[in-house]
1. For the range A:156-173, state whether one or more residues are of a type outside the set (A, V, I, L, M) and either within 14 Å of chain B (Cβ to nearest Cβ) or in contact with a His (Cβ under 9 Å, 6 or more places away or on another chain) (or both).
2. Would you pick out the residues in the range A:226-258 that are more than 10 Å from chain B (Cβ to nearest Cβ), surrounded by 18 or more Cβ atoms within 10 Å (Cβ to Cβ) and either hydroxyl-bearing (Ser, Thr, Tyr) or not in a helix (DSSP H, G or I) (or both)?
3. I'd like to check something: does the range B:156-170 contain any residue that is at positive phi and away from chain A (no Cβ under 14 Å)?
4. Quick check on this structure: which one of B:95, B:11, B:49 is assigned to a helix (DSSP H, G or I), surrounded by fewer than 17 Cβ atoms within 10 Å (Cβ to Cβ) and either of a type in the set (Asp, Glu) or at negative phi (or both)?
5. Right, residue B:41: modelled with pLDDT of 90 or more and not assigned by TED's automatic domain parsing to the domain that holds residue B:171 or not?
6. Would you please name the residue that is surrounded by the most Cβ atoms within 10 Å (Cβ to Cβ), looking only at residues in the range B:131-172 that are β-branched (Val, Ile, Thr) and under 13 Å from the mean Cα position of the chain (by Cα)?
7. Would you confirm whether or not the range A:199-209 contains a residue that is more than 22 Å from residue A:166 (Cβ to Cβ), surrounded by fewer than 17 Cβ atoms within 10 Å (Cβ to Cβ) and within 14 Å of chain B (Cβ to nearest Cβ)?
8. Looking at residue A:261, is it within 11 Å of another protein chain (Cβ to nearest Cβ), closer than 30 Å to residue A:248 by Cβ and at pLDDT 85 or above?
Amino acid sequence: MRDIECVGEGLFLSTCNRVEALFTTEAAGEAKKSVISLLSGLGNMPEEKFSSSLYTFEDRDAVMHVFRVASSLDSMVVGEPQILGQIKEAYAQATIQKTSGVILNRLMHRAFHVAKRVRTETEICEAAVSISYAAVELAKKIFHVLDGKKVLLIGAGEMAELAARHLMTHGVSKMVVANRTFERAVQVAELFNGSPVSFDEIGAQLLEVDIVVTSTSAPEYVITHELVKKSLRKRRNRPLFFIDIAVPRDVEPAVNHLENVYVYDIDDLKGVIELNMAQRQQEAIKAERIVQEEVVKFEKWLKTLEVVPTIISLREKVESIIQVELKKSSSALDGLTPSQNKAIRGLTRSIAEKVINDPIVYLKGKADRPSLNMYLDVTRMLFKLDEDNGDADK
Amino acid sequence: MIYLWFNMALFFELLATGGFVVYIVKQKKWVFRCSYWILVAGFVCHTIFLSYRYYSLGTAPVLDLKSALGFFAWSIICVYLIFQIKFRLMVLGSFVAPLAAFLMIISSAIPWVEGPVKPVFKSLWLTVHVGTVFIGNALFAIAFLAAIMYLIQEHQIKRKRLGSVYDRLPSLATLDSINYYSLIYGFPFLTLGMITGSIYAQYALGKYWQWDPKEVWSLITWIFYGALLHERRRAGKYCQGVSLDEGY
């Protein structure tokens with residue numbers, strides 16, 4: 001993105017379901033085109049193919065969008081905490097590459113601030129936010145407390161490990177890990193202080209455990225109706241909870257019809273999350289209000305940026321006057337001692353700065369007013385800034 | 001004067017029922033707290049009423065259907081209040097209070113019939129018999145309510161319908177242990193009630209056992225609960241339904 005001329009500052013954000021390019025530019029249309037062609041080049045995909053899933057926001061809408069993304073209001077699962085980490089990661093990359101500047105720096109810091117406010121001032125993140133959290137909630141509705149419960153983890157995907165970790169933090173004490181390759185089972189078991197078992201031992205383990213998390217890539221059912229039915233009698237009808245994260249399914253659906261056995265697959269868990277989302281609409285409204293507030297604040301700051309070039313040229317003008325005048329009087333000043341010389345230079349500078357200080361404060365104060373441009377023009381004319389600085393914007 | 005206490009008990013118990021219904025819908029904790037203390041007030045009135053009746057009749061006030069229903073309602077509330085201390089399960093009140101109030105309404109609809117108490121009823125054995133049997137049955141009533149809640153909740157989880165009902169009902173494990181404790185405490189009370197009942201029968205009628213329908217049904221009920229409890233202990237069965245019976 002650095003190579004695109006019309007883009008000032010920029011960063012890439014990629015999460016599980018989106019890729020975003022954040023950039024500042026003076027020529028919006030041109031920059032947009034170049035960024036899209038850059039994306040198509042990076043992804044090795046013709047533009048027409050992804051143009052239907054493209055979205056662009058400008059100015060105020062863009063700021064709002066960034067804030068909403070950071071506070072997870074725009075996520076598939078509203079309130080999920082992972083997104084903020086991903087944004088921080090993207091920003092860290094941008095600072096390393098030095099592609100972010102004044103505006104993006106400020107924008108990202110404000111975004112983190114908004115996310116924090118949303119998290120602490122609303123309850124949006126507290127309810128079931130992720131699949132594993134939903135699974136834990138369900139387990140609690142069945143077992144009341146998970147202390148002393150035993151979990152069997154079959155197969156090892158990232159999701160399954162996350163679910164297992166969630167269960168552990170909620171009191172599960174014993175973990176058994178089964179995998180087709182025993183070495184892998186040993187590795188994963190070490191992570192959880194669990195014990196590895198072979199695939200053939202699953203039937204025997206079903207007598208012992210309370211919760212089973214499955215996520216193998218096996219095309220057929222790993223847990224069959226028959227297998228579970230056999231274990232039920234010996235289990236003395238203690239409830240058995242299957243969490244099936246695998247696609248395709250590992251647990252035969254008919255298992256759910258057995259008494260005291262509950263099977264939830266990934267789609268069921270998604271259903272649970274959606275339900276929670278509906279209940280948290282109220283909190284979402286509150287969160288949106290926080291975002292709005294912060295967007296207004298950011299815009300106000302962004303407006304002050306318009307004043308900056310004028311202030312800079314004002315300072316430069318004064319600085320050049322000081323230099324010119326000092327040079328003129330250099331012959332008279334040469335006779336003074338170094339300390340007297342220094343005092344004279346300090347005096348001239350502080351007089352000049354005092355003179356322009358009030359106009360600068362005044363301009364900054366007008367930054368978010370519609371009449372700002374008029375004040376800027378007057379300032380430029382009064383101080384004759386545009387004649388000295390050829391590149392000042394008109 | 002005595003009827004004032006009965007009416008106050010009825011009034012408070014109805015009010016508490018209303019409160020508990022509001023609580024289960026609105027899920028506001030203060031509603032529960034109000035309802036709970038109103039129920040306690042109703043219970044206190046009810047206790048005063050029963051004590052007064054006991055004092056004036058000279059025996060347990062359960063000699064006709066009206067008094068028996070009232071006494072049963074009192075027993076259920078009594079057991080509920082004890083359970084509330086142990087389990088702190090707020091939603092149970094929303095099931096118990098309506099049952100107690102329902103019994104009280106039927107009781108209040110039956111007219112007062114005051115007659116002289118036969119001397120045969122004035123026996124401590126009768127009082128102990130009635131007390132234990134009623135407490136036992138009140139515990140079974142709670143077991144029954146917990147079993148119903150369990151079935152509803154289990155149905156929600158099985159069908160994956162995790163809506164407002166699912167939110168309001170407690171976990172399966174909690175409901176199961178309430179059911180279990182109700183049974184395990186209820187059974188000794190019922191047993192004791194049966195024994196004292198037959199002792200009373202010997203004292204009053206000259207025979208321990210007469211094979212009259214009431215006695216036979218009591219025995220069947222007792223065997224039924226015994227079998228249920230045995231099955232639960234043996235198989236660790238998560239109980240799926242307990243029927244309510246008439247044990248007096």
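The values are calculated or read from the model by the stated rules, or taken from the named source; none is laboratory data. Note that this is a predicted model, so its numbers are computed, not measured. Cβ sites come from the backbone with ideal geometry, for glycine too, and all protein chains shown count toward neighbours.
1. Initial filter on the range A:156-173 (of a type outside the set (A, V, I, L, M)): A:157-158, A:161, A:165-166, A:169-171, A:173.
Keeping just the survivors that are either within 14 Å of chain B (Cβ to nearest Cβ) or in contact with a His (Cβ under 9 Å, 6 or more places away or on another chain) (or both) gives A:170-171.
Checked the range A:156-173: at least one residue is of a type outside the set (A, V, I, L, M) and either within 14 Å of chain B (Cβ to nearest Cβ) or in contact with a His (Cβ under 9 Å, 6 or more places away or on another chain) (or both).
2. Residues satisfying the conditions are A:231, A:240, A:242, A:243, A:244, A:245, A:246, A:249, A:250, A:251, A:252.
3. Let us first name the residues in the range B:156-170 that are at positive phi, namely B:160.
Retained after the next criterion (residues that are away from chain A (no Cβ under 14 Å)): none.
No, the range B:156-170 contains no residue that is at positive phi and away from chain A (no Cβ under 14 Å).
4. Numbers: B:95 fails: surrounded by fewer than 17 Cβ atoms within 10 Å (Cβ to Cβ); B:49 fails: surrounded by fewer than 17 Cβ atoms within 10 Å (Cβ to Cβ).
Of B:95, B:11, B:49, the one residue that is assigned to a helix (DSSP H, G or I), surrounded by fewer than 17 Cβ atoms within 10 Å (Cβ to Cβ) and either of a type in the set (Asp, Glu) or at negative phi (or both) is B:11.
5. Details: modelled with pLDDT of 90 or more: yes; not assigned by TED's automatic domain parsing to the domain that holds residue B:171: yes.
It is true that residue B:41 is modelled with pLDDT of 90 or more and not assigned by TED's automatic domain parsing to the domain that holds residue B:171.
6. Initial filter on the range B:131-172 (β-branched (Val, Ile, Thr)): B:132-133, B:135, B:142, B:148, B:152, B:157, B:165.
So of that shortlist, the ones also under 13 Å from the mean Cα position of the chain (by Cα) come out as B:132-133, B:135, B:142.
On the way: B:132: 20, B:133: 24, B:135: 22, B:142: 26.
So the residue we want is B:142.
7. Among the residues of the range A:199-209, at least one is more than 22 Å from residue A:166 (Cβ to Cβ), surrounded by fewer than 17 Cβ atoms within 10 Å (Cβ to Cβ) and within 14 Å of chain B (Cβ to nearest Cβ), which makes the answer yes.
8. Numbers: within 11 Å of another protein chain (Cβ to nearest Cβ): yes; closer than 30 Å to residue A:248 by Cβ: yes; at pLDDT 85 or above: yes.
The answer is yes for residue A:261.
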